[in-house]
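Notes follow the structure.
The values are calculated or read from the model by the stated rules, or taken from the named source; none is laboratory data. Note that the structure is a prediction, hence the values are computed from the model and not measured. Cβ sites come from the backbone with ideal geometry, for glycine too, and all protein chains shown count toward neighbours. The accessibility values were calculated without ligands, DNA or RNA, using every heavy atom of the protein model including side chains. Shrake-Rupley method; radii C 1.70, N 1.55, O 1.52, S 1.80 Å.
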Amino acid sequence: MVLRRIPELLAPAGSPEALRAAVAAGADAVYLSGKKFGARKFAANFDSSQLEEAVKYAHLRGVRVYVTVNILVRDQELPEVARYLLQLYETGVDAVLVQDLGVAALAREIAPGLELHASTQMTVHNREGLAFAAGKGFKRAVLSREVSIDEIEAMARGLNIGLEVFVHGALCYCYSGQCLLSSAIGGRSGNRGMCAQPCRKPYVLLQGEKDRYGRPSGLSALPLKEKYLLSTRDLSVYRHLDRIVRSPVQSLKIEGRMKSAEYVAIVTDVYRRALDGIAHGKWKPSPEDGRDLALAFNREFTEGHLLSAKDVMGREMSDNRGLLIGTVTSYNAGTAEAAVKPSGGILPQEGDGLVIIYPGGELGLLAVRPHLQDGLLRIKTPERVRPGAKVFLTGSTALSRKAKKIMAASRQIPLDLRVTWEGGRPLVEALLERPKKLRIMVKADFQMEKAQSQPLTKSQIETQLRRSGGTPFSVRNLEMDYPGGLFAPLSALNGLRRDLLAQAERAVLEAYSPDSQIIKEAEERLSRLDLSATLPRSSRAPSLAVYVESLPELKGALQGGCRRIYFEPLAGTEGRDRTPKTRQMLQDAASLCRQAEAELVWKWPRITKDGFIDWARPLLAEVDAVMVEGTGAAEAALAGRPDIRLYGGAGLNVCNHLTVRALFPPFRMLTLSPELSQAQISELTGRARLKGAPHLELIVQGNCEVSVAEDRLPGLKADPSRFWGLQDFKRIFPARLDDDGRTHIYNSVETCLLDFMPQLFGLGLDGIAIDARGRTESYAHEMTEIYQRAIRMTIEGGPGLGEGLQSLKKEAKARSLGGITAGHFLKGIKDEL
């Protein structure tokens, strides 16, 4: 019998019901969230008492519990997060998933024994990112969904960190942790667990000319059949699960904390049985199981970037597809019935959910007395449907019954018992193998007497000791060294069994929890922690930097007086060797900056897979400074040039002073998150400087980058001379294709903080920045001049300052793309609906 090592099966538990379903269906571990600090705020989640009970419930059935604390946290929330982390540690959770580096540092300081997993929100997508996570004490990293299994195998060599990947469920369009689209549109941030899923909405792709400031003119829509341009299919690697099992991956994760308990039961059960079959060397994909996965929920399945699939996008529609069961051939108005030619081998049952899709619309209904007649399926419909319409099964009563049967199953920890007698007193030894090897000894508080007439048989004693119904345990093996001829009331044996099971329960729970002394030490560390200390902020004039992607933009910024350039060269050589052109662009940029006595910083893309890193390292000789937006890129740049000056971009998600400390050194400058408000920035800067900090900067002008995706929008071209944009019902979001073929999307309106210049001075920022990427030389030149004038005006002060800044704001607005906004600077992002 083949018993292959198989990865952990990790199931979602968005509610207590889903937790029980996951456990019953065979999950090795579950992930869930409290009511706060989790990336799925709209799931039911668990309050404090529910969370404690959930951990007990799972542990008593041999299931591990990982709690998500995977949002970006602000300074004022850190004390509450610290108490929450201690509570989780005391509860005995098996690990905490974290996005925020500051939260990770806090956890290590309070409870070094609390296992940390790097959430997929941390955007770990290269080998150096894994090495960074391992160096920061993470025991596991949930890799970005865009990483392939071949890349994983190369990344994992020689690294001592567990790897976790998603294998089933919904996919995000953007790299997780880098999406600000929902935040920009309506203030609901995915980085705070409140994503409104704008990627599931319809969009039109536009193209046109650019005016002298890079704004669109003469726009026209590309004639695309698809409407849901950002909508992905759902991931399912079930058919190739054995390929994943052969990889270094430690944990297979099912997405779905917003899904029902029935969904969790069906999907977990299918993957459980598949993994067990693979372990025994006798598995092949089951068509029935594949059908059940699709019926549970699907937007059409893809094997995803994990298996290098080319069909990741599902742009035709964005909701549940169900299963195609037939095509309408005719409609009988008299009986209000549609005749359907069956396909796919499935017929609906009474009460099943159906959707009929036809050109220009769809009709949802419940099946009422569906039946076959003359080889055609007859379905009553509330309105006329035309021949050719497709009929899909979207809800199955049979599948619901199957889910309920799975959920009714019991999950117990096996016990191996050995019973002996000492002077007539039963002594029971129990051995458990989960969560670790435990040995429990229980001596009866009664003595069995020599029987007068009817001694208890060995079988009777065994029957009483095996009765564990309603408990988390089952007796697997029972050995008994019974001398015979003894008697005791059966109630006494029942009491002995209850004592044994109670001690086993305590032993299991204690095995998962730190001991009291360790908890006491963690409490003392928490009590000594001061997260509110701050330095007074002194007003200062920030320096001005400009982001550019072309040499004309760079020249414009220098002409406007900028003396720090973040240059992300767009070579426009997709699919061809870009080394010669990029090298020449860097050399030309360095020459221009030297002439202007300006600092040149080579900005790397937000996503830097291992292929980019291998390509970029030799070019570091052309520059003295580099800006990165990920920790893996930082590690790679320093490995290539240990003396390089390192700058941090907005993709690092710096939201609190502990994250600043976690990144300093090696960073000499960090860009703050655009989701922070003025008040939150003020707290961060004051606390960050208490123990020394890098320079802190904020992007104050430009269309904020809100998404980066591995997808290439259909029709989008790497032509910087033309404007490309996505239009929803009322906005146009600029889009561009980078040299790696990724789509970048920008906010439809420009951030503009010109009239807040005195407040920016008062925040103690070292720098402010204009994002002129994708614009023109004129925009970079004139916008830089406007901000330089605003800085000088604020330094000089005087009664006319407010009026002068308002005048400059009008000048900026006249050059803006889509108008201007203060973004989240005044009110921050939403925390509640």
Quiz item: Under 5 Å between amide H atoms, partner at least 5 residues away or on a different chain: which partners does LEU163 have, H built in plane at 1.01 Å?
Solution: ALA141, GLN250, SER251
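Shape call for the stretch 486-614 from the C-alpha gyration tensor, a ≥ b ≥ c root eigenvalues: rounded (a/c under 1.5), prolate (a/b greater than b/c) or oblate? Mind showing how you got there, number by number?
Values: a/c = 7.05, a/b = 2.53, b/c = 2.78.
Because a/c hits 1.5 or more and a/b fails to exceed b/c, the stretch 486-614 counts as oblate.
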Quiz item: Using a 1.4 angstrom probe with every protein chain in place, what is the largest-first accessible-area order of ASP610, ASP292?
Solution: ASP610, ASP292
Exercise. Pull up all non-local amide H partners of ARG425: gap of 5 or more, or a different chain, and H-to-H distance under 5 Å with H placed in the peptide plane.
Key: MET448
Quiz item: Which ³J(HN,Hα) values in Hz, rounded to whole numbers, follow from the phi angles of the stretch 555-569 under the Karplus curve 6.51 cos²θ - 1.76 cosθ + 1.60, where θ = phi - 60° and Gly and Pro get x?
Solution: 4, x, 4, 5, 5, x, x, 6, 10, 8, 10, 9, 9, 10, x
Quiz prompt | Residues ALA408 and HIS371, FRET efficiency given R0 of 35 Å [Cβ-Cβ distance, rounded to 0.05] | solution = 0.70
Self-check item: Sorted peptide list for 126-134, 520-528, 324-332, 80-88, criterion being average Cβ within 10 angstrom, highest first
Solution: 126-134, 80-88, 324-332, 520-528
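Normalise the Cα radius of gyration of the chain by 2.2 N^0.38 Å (N = residues in it) and let me know the number.
Values: Rg = 31.1 Å, N = 833, 2.2 N^0.38 = 28.3 Å.
Computed over Cα atoms of the chain, the ratio equals 1.10.
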Practice problem: Would you mind classifying the stretch 69-208 by shape? Square roots of the alpha carbon gyration tensor eigenvalues, ordered a ≥ b ≥ c; an a/c under 1.5 is rounded, otherwise it is prolate if a/b is larger than b/c and oblate if not. | Solution: oblate
Quiz prompt | Rounded to the nearest 10 Å², the accessible area of SER318 at probe 1.4 Å | solution = 20 Å²
Quiz item: Quick one: if you stick a label point 7 Å off each Cα along the C-beta vector at LYS310 and ARG506, how many nm between them?
Solution: 6.4 nm
Quiz item: What angle do you read, to the nearest 10 degrees and between 0 and 90, between the alpha-carbon axis of helix 579-595 and the longest principal axis of the chain?
Solution: 50 degrees
Quiz item: Can you give the angle from 0 to 90° between the axis of helix 801-814 and the longest principal axis of the chain, with both taken from C-alpha atoms, to the nearest 10?
Solution: 80 degrees
Quiz prompt | ³J(HN,Hα) computed for each position of the stretch 418-425 - Karplus, 6.51 cos²θ - 1.76 cosθ + 1.60, integer Hz, glycine/proline x | solution = 10, 10, 10, 10, 10, x, x, 9
Exercise. Along Cα→Cβ, 7 Å out, is where each label goes; now give me the distance between the ones at LYS390 and ASN160 in nm to one decimal.
Key: 5.2 nm
Quiz prompt | Hydrodynamic radius of the stretch 260-302 per Kirkwood, over alpha carbon pairs, in Å | solution = 11.0 Å
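What does the C-alpha gyration tensor say about the overall shape of the stretch 323-369? Classify as rounded when a/c is under 1.5, otherwise prolate if a/b is larger than b/c, or oblate.
Cα axes put the stretch 323-369 in the rounded bin.
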Quiz item: Percent of accessible area on the chain owned by carbon and sulfur, 1.4 Å probe?
Solution: 49 percent
Practice problem: Hey, for a label at SER148 modelled as a point 7 Å past Cα toward Cβ, could you say which residues of the stretch 588-610 have their backbone N under 20 Å away? | Solution: 607-610
Quiz item: 222 nm [θ] for the chain, helices only, -39500 (n - 2.57) per DSSP H run of 4+, per residue, to 500?
Solution: -9500 deg cm²/dmol
Quiz item: Hey, what angle do you get for helix 78-91 against the long axis of the chain, alpha-carbon based, 0 to 90 degrees rounded to 10?
Solution: 20 degrees
Practice problem: Would you be so kind as to identify which of GLY334, LEU658, GLY169 lies farthest towards the positive end of the dipole of the chain, taking Lys and Arg as +1 and Asp and Glu as -1 on Cβ and the Cα centre as origin? | Solution: GLY334
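Give me the net charge of ALA336's neighbourhood, meaning all other residues with Cβ under 10 Å from the Cβ of ALA336; Lys, Arg count +1, Asp, Glu -1.
The answer is 0.
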Quiz prompt | Under 5 Å, built H, 5+ apart or other chain: amide partners of ARG64 | solution = ALA29, VAL30
